[in-house]
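Asker: Just dropping this structure here.
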Amino acid sequence: MSQQIHPTACIAPDVKLGNHIVIGPFVVIENNVEIGDDCRLGAHTVIQPYVTLGKGNILHPHVVLGDLPQDTSFKAETVSWLLIGDNNVFREGFTAHRSAKENGETRIGSGCFFMNNSHVAHDCTIGNNTIFANNVAIGGHVEVGDKVFLGGNVVAHQFCRIGSYAIVQGTTGLSMDVIPFTLIGGHYAKHYKLNTVGLRRASITGARYNILASAFRLLKNRQSLDSLEETEELRFLKNWLAVKSKRGIHGFIDVAKTDEP
């Protein structure tokens, strides 16, 4: 077990540390924390109680994980969790809060990249390989899917859902749900085309892409998707749409051929 711990770090006695961990100057790790192998914690990082970090996470200076929810009804003695997967990068000033519910969880997946001063609120669920650009802030109970990109200064209202493979244009305010596989932006925010680049990178091309393009047109015209061939992506989209939304779903920009590559 090789660990590099700076002498100025303050670590509670019951913290569970994995192998090959690097802990920088003035790091504070409080009780009821578990940190997996190969993690690196930059200077002045703070990890508060009830946080679990997987393997290979990189925390840049001044990251704060597991602080109390920004919920005026929350009682500090509540036991709740922040659970984080593997191989995430948290840049300077990132914050994530634990759940506001007894034994509840805020969850962050694996392979994500969170840029400077971005924020994940209590009871959120973040998928895998998702990117938050600088100053992104999402409210409580927001669900973000896999391979989502949120541009700089995006904000999302509590209980919104942002579907997998979506891109949200910088400075967009989200007050409703974002459909998977799409691009959205503007004020007020509207869907305007498929996330062509993201889909190509995910090898969703050819007939699979064309079916999603047809689905986008049908959704824009408020028509059923049942006439389309059932691909994996279409099945995912249908299942996502079948979940009752707490916020409703953002509309579409009415521009001809906006769904073309």
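Asker: Tell me the per residue accessible area of the range 4-141 using a 1.4 Å probe; a whole number in Å² is fine.
Answerer: Roughly 42 Å² per residue, with all protein chains present.
Asker: Any idea how far apart V28 and A242 come out in nm if each label point goes 7 Å out from Cα toward Cβ?
Answerer: Label-label distance for V28 and A242, simple model: 4.8 nm.
Asker: On the principal axes of its Cα set, how long, how wide and how thick is the range 4-141? Give whole Å, largest value first.
Answerer: Largest to smallest, the principal-axis extents are 38, 32, 20 Å.
Asker: Further question on the same structure: Only bridges with both residues in the chain count here: give the DSSP antiparallel percent, nearest 5.
Answerer: Counting only bridges with both partners in the chain, antiparallel ones make up about 5 percent.
Asker: Between Y188 and K75, what's the calculated FRET efficiency when r is the beta-carbon distance and R0 is 35 Å? Round to 0.05. Walk me through the numbers on the way to the answer.
Answerer: Values: r = 36 Å, r/R0 = 1.04.
In this case the efficiency is close to 0.45.
Asker: Helix 232-242 sits at what angle to the longest principal axis of the chain, using alpha carbons and giving 0 to 90 degrees rounded to 10?
Answerer: Long axis of 232-242 versus the principal axis of the chain: about 80 degrees.
Asker: In whole percent, and with a 1.4 Å probe on the protein chains, what portion of the accessible area of the chain is carbon and sulfur?
Answerer: The C+S portion of the solvent-accessible surface of the chain is 50 percent.
Asker: Between K55 and N153, take the C-beta separation as r, use R0 = 41 Å, and let me know the FRET efficiency to the nearest 0.05.
Answerer: With R0 = 41 Å, the Cβ-Cβ based efficiency is 0.85.
Asker: Hey, another quick one. Quick one: what do you get for the chain if you divide its Cα Rg by 2.2 N^0.38 Å?
Answerer: 1.09
Asker: Run the reach check for K220 against lysines, Cα to Cα strictly under 16 Å, same-chain hits fewer than 8 apart removed. What comes back?
Answerer: Candidates past the 8-residue exclusion: K190, K193, K238, K257.
Asker: How big is the gap, in Å, between the Cα center of the range 148-175 and the Cα center of the range 23-101?
Answerer: 23
Asker: Show me 219-226, 149-156, 204-211, 118-125 ranked by packing, highest mean number of other Cβ atoms within 10 Å first. Let's see the in-between values first.
Answerer: Numbers: 219-226: 11.5, 149-156: 21.5, 204-211: 14.9, 118-125: 23.4.
The peptides rank, most packed first, as 118-125, 149-156, 204-211, 219-226.
Asker: Can you give the angle from 0 to 90° between the axis of helix 206-220 and the longest principal axis of the chain, with both taken from C-alpha atoms, to the nearest 10?
Answerer: Approximately 80 degrees, to the nearest 10.
Asker: Under the Kirkwood approximation for Rh and a Cα-based Rg, what ratio Rg/Rh is obtained for the range 102-216?
Answerer: Rounded to two decimals, Rg/Rh equals 0.98.
The values are calculated or read from the model by the stated rules, or taken from the named source; none is laboratory data. Note that the structure is a prediction, hence the values are computed from the model and not measured. All Cβ positions, even for glycine, are placed from backbone atoms using ideal geometry, and neighbour counts span all protein chains on display. The protein model used for the area step is the full one, side chains on, heavy atoms only, and it has no ligands, DNA or RNA in it. Shrake-Rupley method; radii C 1.70, N 1.55, O 1.52, S 1.80 Å.
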